[in-house]
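What follows is a single structure, written as structure tokens, with notes after it.
What follows is calculated from the coordinates using simple rules that are stated; it is not laboratory data. None of these values were measured; they are calculated from a predicted model. Cβ placement follows ideal geometry from the backbone for every residue including glycine, while neighbour counts extend to all protein chains displayed.
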Amino acid sequence: MTCGVTIGNVSTDVASASSTGALTAESFAELTRAITDTVGRVIDGKPDAVRAALVCLLAEGHLLIEDVPGVGKTMLARAVAASVDATVRRIQFTPDLLPGDITGVSVFDPGSREFEFKPGAVFANLVIADEINRSSPKTQSALLEAMEERHVTVDGTTHPLPSPFLVVATQNPFEMEGTYPLPEAQRDRFMMRISMGYPDAASEALMLRQRQTASPLDSIVPVATSANVAHLIAWARGIHVAPAMEQYAVALARASREHPDLRLGASPRATLQLVRAAKVWAALDGRAFVIPDDVRAMLAPVFAHRLIPVRTAGASRTGGGAVAGILAGIADAVPVPVASW
């Protein structure tokens with residue numbers, strides 16, 4: 001592929017191709033690599049987390065980040081938004097937060113003598129739901145329609161959300177006092193759950209040197225527009241999934257539903273999102289087709305937070321360690337499709 005002049009990390013030819021939708025595997029890989037490199041300069045030593053966030057964005061899913069405070073959960077979301085020149089809103093979930101603060105409200109205008117809709121914080125390309133489990137279930141449920149149907153309904157009127165639309169929610173898995181666990185219906189609406197984890201020693205030392213005087217977010221230059229992202233999403237949708245790969249995904253989901261150590265298995269929505277995530281994962285690797293490795297790579301991030309072990313399989317409510325072991329066993333037990341030549 002011949003590129004023209006370069007702006008930032010992306011050539012003008014690539015930007016033009018993505019703007020018109022004339023993407024190729026090579027231009028897709030170049031533009032997404034520019035996004036991950038830009039975010040990676042802010043999130044030190046966490047390439048897997050950066051890639052997971054990009055997969056959720058391009059697969060039209062939502063991301064749940066479960067980890068201790070101070071490891072960069074909110075910084076990751078802000079860096080993704082800044083790298084693609086998208087609108088971002090942060091909602092601090094607290095016990096007194098109301099549903100209308102999220103979705104918006106209708107306010108009476110004395111001048112026109114009509115009710116006028118005032119959009120809430122959910123009207124943005126990227127919504128950061130910080131400490132989502134600290135608000136009441138009623139407030140949490142305000143996100144259900146937005147996350148699944150990408151619009152909100154207030155006073156009988158439906159208002160579409162901007163596109164692309166990504167919810168990145170964070171929660172602390174250890175501090176449970178004063179929290180409201182996410183109901184299974186809401187956990188199922190998150191495509192993936194990840195943990196940031198602590199940085200390695202070298203990355204943490206680099207962070208100390210780089211952030212003494214300024215935030216790395218201030219230096220981010222967008223390498224793509226919302227229109228570019230929309231075309232990346234459309235291109236990823238066209239990644240080929242062979243019938244054997246579809247049957248493989250279904251077999252993994254059915255195995256989770258039939259596993260004796262699981263009280264709740266993967267939903268049909270989980271199967272659909274597993275395939276969507278695998279398509280983007282394949283595209284990021286420069287392929288226009290899905291292979292079994294793509295499905296297996298996405299299995300734990302997509303399935304783990306939706307599964308509930310029986311009491312004997314884990315002591316905690318979600319039994320994270322038990323679920324990880326169960327999923328590893330399922331992945332080993334389900335036959336991997338073999339190409340026929």
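Would you mind telling me the antiparallel percentage of the DSSP bridges in segment 49-186, rounded to 5?
On the way: 10 of 23 bridges.
Within segment 49-186, antiparallel bridges account for around 45 percent of the total.
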**Study point:** Sites GLU26 and ASP48 - FRET efficiency at Förster radius 35 Å, r taken between beta-carbons, to 0.05
**Key:** 0.90
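Under 26 Å between C-alpha atoms is the cut-off here; go through the chain and count lysine pairs that meet it, provided they're at least eight residues apart or on different chains. Please report the intermediate quantities before stating the final value.
Numbers: LYS46/LYS73; LYS46/LYS279; LYS73/LYS138; LYS73/LYS279; LYS118/LYS138.
Qualifying lysine pairs in the chain: 5.
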Practice item. Restrict the search to segment 141-203; then list the chymotrypsin sites (Phe, Trp or Tyr not before Pro) that DSSP places in a loop and that have at most 15 other Cβ atoms within 10 Å of their Cβ. Key: PHE174
Review point. When the helix-only estimate is applied to the chain (DSSP H runs of n ≥ 4, each -39,500 (n - 2.57), divided by the residue count), what is the mean residue ellipticity at 222 nm, nearest 500 deg cm²/dmol?
Key: -13000 deg cm²/dmol
Point to revise | Separation in nanometres of the label points that stand 7 Å from Cα toward Cβ, at THR179 and GLU114 | key: 4.5 nm
Check your understanding: Which value in nm describes the separation of the simple spin-label points at SER195 and VAL105, placed 7 Å from the Cα toward the beta carbon?
Key -> 4.0 nm
Review point. Could you give the nm distance between label points at VAL336 and LYS138, where each point is 7 Å from its Cα heading toward the beta carbon?
Key: 5.1 nm
Point to revise | Gain in span if fully extended, LEU217 to PHE289, counting 0.36 nm per residue against the direct Cα distance | key: 22.5 nm
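Given a cut-off of under 8 Å on Cα pairs at least six residues apart, what relative contact order in percent is computed for segment 64-205?
Details: 234 pairs, mean separation 47.5, N = 142.
Normalised by residue count, the contact order of segment 64-205 is 33 percent.
Report the local net charge at SER135: Lys and Arg +1, Asp and Glu -1, summed over other residues whose C-beta lies under 11 Å from its C-beta.
Details: positive: ARG134, LYS138; negative: ASP96, ASP101, ASP130, GLU131.
After counting each charged neighbour, the total is -2.
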